[in-house]
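**Student:** Have a look at the structure that comes next, please.
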Amino acid sequence: MAPRLTSINQFKGLRRRVVDARKWWLRSVWGMDIADSVELSMSAKLDRNFPRGVHIGAHSYVAFEARILCHDRTRGLYLHTRIGENCFIGGRSLILPGVEIGDGCVVGAGAIVTKSVPAGSIVAGNPATIVRTDIEVGPYGRFPDADANTLRLKAEGKF
């Protein structure tokens, strides 16, 4: 009898290999500038009309269905779009062409980022506005107390 699956985490190794292969493809075939340590959702969409314009820094995370654009056909623009190191790009967010997101930023889910974001900021909304500045985050845009919160929730039986 086959072992019963108890968690999606059992597929973590397989997912890692698939994501690494996708990053290799985006870098080698499309010419995108994506650091090795970037975490990329399988449903994240990166601009393939101007792929050399995609730049994602080390230890950043691009969540599900986020889109990073580098071109605007209506205006004939082809611009470099940059995401710094230790950033978190929330699910279903949209980063428009030419935007630069500084190191250590968090982009809220569903945000439409139309202007560059200074380092250490949280942005959210449509259009995205700065919600908070001078934040400190670790790799992948995780707040320093994230692990402590998880442990607390587990101890309370809520996780």
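We did not get these values from a lab; they are worked out from the coordinates using the rules stated. None of the values given here were measured: they were computed from a predicted structure. Ideal geometry is used to build each Cβ from the backbone, glycine not excepted, and the neighbour counts take in all protein chains shown.
**Student:** Using amide H atoms built in the peptide plane, which far-off residues or other-chain residues are under 5 Å from Thr129 H to H?
**Tutor:** Ala124
**Student:** Could you tell me how many degrees, from 0 to 90 and to the nearest 10, lie between the Cα long axis of helix 146-155 and the main elongation axis, the longest principal axis, of the Cα atoms of the chain?
**Tutor:** 30
**Student:** Helix-only estimate, please: 222 nm mean residue ellipticity of the chain, summing -39500 (n - 2.57) across DSSP H runs of length 4 or more and dividing by its residues, to the nearest 500. Walk me through the numbers before you get to the answer.
**Tutor:** Numbers: 2 runs with 27 residues, N = 159.
After summing the helix terms and dividing by residue count, I get -5500 deg cm²/dmol.
**Student:** What FRET efficiency comes out for the pair Thr129/Arg48, r = Cβ-Cβ distance, R0 = 30 Å, nearest 0.05? Write out the running numbers ahead of the final one.
**Tutor:** Numbers: r = 29 Å, r/R0 = 0.97.
My answer for the efficiency is 0.55.
**Student:** Hey, rough spin-label estimate for Val18 and Lys154, points 7 angstrom out along Cα→Cβ, what's it come to in nanometres?
**Tutor:** 2.6
**Student:** Quick check on the stretch 33-159: take the gyration tensor over C-alpha atoms, sort the square-rooted eigenvalues as a ≥ b ≥ c, and tell me if it's rounded (a/c under 1.5), prolate or oblate. Don't skip to the answer; put the middle values down first.
**Tutor:** Details: a/c = 2.05, a/b = 1.85, b/c = 1.11.
Prolate shape, in that a/c is at least 1.5 and a/b is the bigger ratio.
**Student:** Once you put a point 7 Å from the Cα of Lys115 and another 7 Å from the Cα of Phe64, both along the Cβ direction, what distance in nm separates them?
**Tutor:** Roughly 3.2 nm, to one decimal.
**Student:** Same structure again: Starting from the Cα-Cα distance between Tyr140 and Ile8, subtract it from 0.36 nm times their residue separation and give me the gain in nm to one decimal. Intermediate results must be reported in sequence, preceding the final value.
**Tutor:** Values: separation 132, 0.36 × 132 = 47.52 nm, distance 2.07 nm.
Net length gain for the segment: 45.4 nm.
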